[in-house]
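Notes for the one structure printed next.
The values are calculated or read from the model by the stated rules, or taken from the named source; none is laboratory data. All of these numbers come straight from a predicted model, not from anything done at the bench. Reconstructed Cβ throughout: ideal geometry from the backbone, glycine too, with neighbour counts over all protein chains shown. For accessibility, only protein heavy atoms count, side chains too; no ligands or nucleic acids. Shrake-Rupley method; radii C 1.70, N 1.55, O 1.52, S 1.80 Å.
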Number of protein chains: 2
Amino acid sequence: MSSSSSSTADLLARRRRLLAPTYGLFYEEPVHITRASGVWMYGPDGRAYLDVYNNVPVVGHCHPQVVEALAHQAALLNTHTRYLTEKPLELAERLLATFPSELATAIFTCTGSESNDLAIRVSKVATGGTGVIISEWAYHGTTETLAGMSPSSGMGRLGTHVYTVPAPIDQESASQFASRVQACIETMRAAGVKPAALLVDTIFSSDGVSADPPGYLAAAAEHVRAAGGLLIADEVQPGFGRTGHSMWGFQRHGVVPDLVTMGKPMGNGHPVSALIARPEVIAEFARQTRYFNTFGGNTVACAVALAVLDIIEQEQLITNAREIGAQLRRGLQELASRHPTLGAIRGAGLFIGAQITTGKAETTRIVNALRQRGVLIGSAGRNGDVLKIRPPLVFKQEHVDQLLGTLAQVL
Amino acid sequence: MSSSSSSTADLLARRRRLLAPTYGLFYEEPVHITRASGVWMYGPDGRAYLDVYNNVPVVGHCHPQVVEALAHQAALLNTHTRYLTEKPLELAERLLATFPSELATAIFTCTGSESNDLAIRVSKVATGGTGVIISEWAYHGTTETLAGMSPSSGMGRLGTHVYTVPAPIDQESASQFASRVQACIETMRAAGVKPAALLVDTIFSSDGVSADPPGYLAAAAEHVRAAGGLLIADEVQPGFGRTGHSMWGFQRHGVVPDLVTMGKPMGNGHPVSALIARPEVIAEFARQTRYFNTFGGNTVACAVALAVLDIIEQEQLITNAREIGAQLRRGLQELASRHPTLGAIRGAGLFIGAQITTGKAETTRIVNALRQRGVLIGSAGRNGDVLKIRPPLVFKQEHVDQLLGTLAQVL
């Protein structure tokens with residue numbers, strides 16, 4: 001047994017002993033990682049893995065400017081929002097400037113789950129409704145409320161007054177999305193349930209990545225608003241420029257949501273997240289209750305999030321996501337033309353779903369074979385038959401070449 | 001207008017413009033803080049405030065060893081638990097070693113709210129019940145589920161199948177606590193509700209701080225277990241040695257809970273938290289679902305939490321909490337003997353509730369007058385008439401003297 005595999009066996013045994021069986025690992029042969037930098041993750045033997053999966057380290061693993069902002073602020077002041085401090089205000093200013101003017105007020109939280117859970121609370125108070133519409137294979141978070149709105153997390157059971165519509169995963173289902181939302185509202189009405197919100201990941205990540213043709217969200221939002229409900233855009237995965245079009249996924253759709261949630265990449269791995277709202281939507285909630293989140297908007301989290309916004313701008317990562325993403329999609333389409341296993345290539349920017357035409361087992365084989373060859377990706381979709389390609393936004397041409405070359409071998 | 005008050009006015013205006021009206025500030029004249037160190041927080045004019053309130057920076061604000069661990073790990077690797085890494089296993093080992101052997105498995109989360117919300121999910125699956133018993137003025141977190149279990153957060157409305165019992169805030173109510181829990185179980189039974197859990201902060205922080213006589217929790221837990229429910233110990237506030245007795249508040253009560261949650265001080269301000277469980281309690285939940293928390297147990301959070309555990313041990317902070325806490329309580333009792341405004345002094349270690357006999361308005365006056373004299377504390381309790389004294393555990397004799405001297409002036 002090599003020293004690498006013996007350390008892997010040791011880590012696996014300790015995980016079984018110490019961590020709850022709720023924990024899962026990626027890959028048939030799990031990867032032991034000891035350091036990371038840019039788009040690379042490294043094993044204890046120095047082996048480099050190309051990270052084509054992790055959206056959290058959006059500006060690249062361990063970006064020195066992020067580490068510096070974190071270390072500097074942590075040494076100076078790490079406190080909460082019940083004192084007056086500069087950082088949360090600087091961050092709110094910078095963040096709100098990336099939104100349409102209607103979305104003018106911010107609440108900071110620690111995780112995408114906390115943001116989505118709060119958005120649901122706010123939508124129920126604002127509308128007086130309780131019904132929530134999600135897509136069939138949605139994922140929105142880990143709280144009790146959100147587990148009931150996350151069929152893809154494996155719980156199976158939907159929460160009370162949660163309704164699903166098929167995700168707009170191809171042209172046909174996209175063209176039917178708005179009318180299916182309308183039908184869902186009618187089902188709710190027949191059951192005596194008043195709608196609170198349509199809650200959607202604006203690129204339908206866990207449903208298998210859907211991006212085209214943009215626009216279907218605007219029509220769906222009209223139906224929901226006509227019925228007294230709100231549009232909540234879950235930007236936890238598509239946000240922060242990943243689509244290569246704009247900072248936020250909803251902007252591709254020409255619609256302005258009532259509430260927008262974000263998380264994962266916001267601190268490049270530091271737990272920081274936010275809910276952005278139309279002020280009139282949050283007014284009644286604020287009249288009824290305070291919301292204090294101990295770590296939400298703390299000075300360190302805000303300093304880190306500011307550094308991430310700086311880097312996205314300085315390194316022009318939205319442009320990079322658009323250009324490199326387009327190259328990658330062209331490359332995948334070219335591969336698909338030679339390999340019938342590879343079907344539709346969906347997505348926008350550096351968020352790509354590649355349909356595997358031969359099902360889940362083959363998808364799993366491809367993901368694991370890529371891992372064996374040093375390329376880390378994942379899978380998604382209701383049938384587990386979509387390659388989920390979502391690298392840090394500092395991905396470059398040479399990394400595209402390595403991914404495509406390795407995928408060609410594996411196919 | 002001084003430069004300090006003009007900057008305060010500017011910050012207040014920006015907060016109103018940028019942050020949702022759900023945000024609140026401490027004190028009639030809010031405090032602008034620009035840096036902090038140990039037990040001190042500083043304004044932009046260099047004015048020092050003695051921090052007698054914040055339990056989050058448990059080892060002192062900006063402890064260099066915490067900052068170093070954070071900066072070092074953030075530069076090396078910040079990734080999640082779906083790869084094999086050392087840090088979460090090291091942390092689980094160190095943390096579980098502080099628990100009775102029955103509590104043998106860990107799940108990492110980011111906030112106390114996430115831990116409590118998960119504990120509720122687990123308790124419902126483990127018991128098949130839905131009823132949850134809490135204390136009358138409890139606070140357990142910010143999610144939709146927990147807002148319904150946090151009457152003190154101002155929402156007013158309890159969640160479905162949530163029942164309250166009076167907090168064991170004095171000798172009499174402590175002696176009746178177990179029988180009141182039993183009566184509550186009978187009320188639930190009459191309503192056809194099966195109990196899932198008794199969820200309590202083991203020092204009843206928001207109810208006004210209750211510690212003596214310890215032991216009432218054990219009897220209450222027996223009743224709940226006999227009815228098929230679990231005991232969830234919310235250690236978010238009393239945990240990490242604050243009571244001066246042991247690492248966890250429940251240990252003073254001679255009871256072993258089924259689930260234990262923790263948060264706030266775990267990372268000295270870094271968002272990291274955990275749920276510790278009896279393995280048999282979590283088994284069915286794990287069979288039904290995976291639980292993946294993107295930032296929960298990430299390598300940086302774990303490195304920070306390990307540094308906090310190191311410092312608590314190296315600096316003998318549990319002993320310090322016991323000894324300095326005892327001095328502080330004696331000093332407060334001595335003050336109470338001269339000032340009838342000051343009533344019962346409750347608590348354990350460096351978690352003290354001081355009853356103000358003349359009501360909320362006077363409590364508010366005292367808290368604000370202390371702030372004007374450079375001492376930061378808060379209030380708690382259903383009637384808002386309890387001084388909440390909960391400083392970093394590096395509090396020393398000279399800080400006790402300053403607090404008592406200033407309080408004597410104010411009274």
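Just a few scattered comments:
- Charge-dipole axis of the stretch A:64-314 as Lys and Arg at +1 and Asp and Glu at -1 on Cβ define it, positive-most pick from A:Phe177, A:Gly228, A:Val304: A:Gly228
- Residue separation of B:Thr358 and B:Glu280 scaled by 0.36 nm, minus their Cα-Cα distance, works out to 23.2 nm of gained length.
- Distances between placed amide hydrogens fall under 5 Å for B:Leu19 paired with A:Ala106, all partners being 5 or more residues away or on another chain.
- Residues whose placed amide H lies under 5 Å from that of B:Tyr163, excluding near-sequence neighbours: B:Val132, B:Ile133, B:Ile134
- Antiparallel bridges, percent of DSSP beta bridges restricted to chain A (to nearest 5): 60 percent
- Förster radius 51 Å - calculated FRET efficiency between A:Ala13 and A:Lys396 (Cβ-Cβ, nearest 0.05): 0.85
- A Förster distance of 30 Å, applied to the separation of the beta-carbon atoms of B:Arg365 and B:Gln176, puts the FRET efficiency at 0.40.
- Accessible area per residue, Å², the stretch B:5-155 with all protein chains present, probe 1.4 Å: 30 Å²
- Helix-only CD estimate at 222 nm, as mean residue ellipticity for chain B, using -39500 (n - 2.57) per DSSP H run (n ≥ 4): -13000 deg cm²/dmol
- Computed over chain B with a Gaussian network model linking Cα atoms closer than 10 Å, the most mobile of B:Glu102, B:Glu313, B:Glu144 is B:Glu144.
- Ranked by solvent-accessible area (1.4 Å probe, protein heavy atoms only, all chains present), the residues A:Tyr27, A:Tyr139 order from largest to smallest as A:Tyr139, A:Tyr27.
- Karplus (6.51, -1.76, 1.60) ³J(HN,Hα), θ = phi - 60°, over the stretch A:237-252, in Hz, Gly and Pro reported as x: 9, x, x, 6, x, 4, 6, x, 9, 6, 5, 10, x, 5, 5, 5
- Spread of Cα-to-Cα distances over 10 Å intervals beginning at zero, given as percent, for the stretch B:106-242: 13, 47, 36, 4
- Rg [Å, one decimal], Dmax [Å, integer] - the stretch B:48-107, C-alpha atoms: 15.5, 45
- Rolling a 1.4 angstrom probe over chain A with all protein chains present gives an accessible area of which 50% lies on carbon and sulfur atoms.
- In Å², nearest 10: area of B:Ile318 left accessible to a 1.4 Å probe: 40 Å²
- Pairwise centroid distance, computed over Cα atoms, of the stretch B:339-411 with the stretch A:173-220, Å: 53 Å
- For the stretch B:184-194, the Karplus equation 6.51 cos²θ - 1.76 cosθ + 1.60, evaluated at θ = phi - 60°, returns couplings of 5, 4, 5, 4, 4, 4, 4, 8, x, 9, 8 Hz by residue, with Gly and Pro reported as x.
- The calculated FRET efficiency for the pair A:Ser337 and A:Tyr27, based on their C-beta separation and a Förster distance of 30 Å, comes to about 0.60.
- Interface burial for B against A (accessible surface, 1.4 Å probe, total of both chains, Å², rounded to 100): 8400 Å²
- Spin-label model, A:Gln314/B:Arg290: points 7 Å from Cα along the beta carbon direction are separated by 3.5 nm.
- Taking a quarter of the surface of the Cα convex hull of the stretch A:64-314 gives a mean projected area of 13.0 nm².
- Qualifying lysines (Cα of each under 28 Å from Cα of A:Lys124; at least 8 residues distant if same chain): A:Lys194, A:Lys264, B:Lys124, B:Lys194
- Comparing Cα centroids, the stretch A:50-87 and the stretch A:145-169 end up 32 angstrom apart.
- Residues whose amide H comes within less than 5 Å of that of B:Arg35, counting only those at least five positions distant or on another chain, are B:Tyr42 (H built at 1.01 Å from N in the peptide plane).
- Table column - 3J(HN,Hα) (Hz), the stretch B:67-81, Karplus curve with 6.51, -1.76, 1.60, x for Gly and Pro: 4, 5, 4, 4, 5, 4, 5, 5, 7, 9, 6, 10, 9, 9, 8
- Among A:Cys62, A:Cys302, A:Cys110, residue whose mean-square fluctuation peaks in a GNM of chain A (springs only between Cα atoms under 10 Å): A:Cys62
- Model label points for A:Thr160 and A:Ala183, set 7 angstrom from Cα along the Cα-to-Cβ axis, are 2.8 nm apart.
- Protein-protein interface of the stretch B:249-288, residues with accessible area decrease of at least 30 Å², isolated chain reference, 1.4 Å probe: B:Lys264, B:Gly269, B:His270, B:Pro271, B:Ala286, B:Gln288
- Spin-label pair A:Asp45/B:Glu68, simplified geometry with 7 Å Cα→Cβ offset, distance in nm: 3.4 nm
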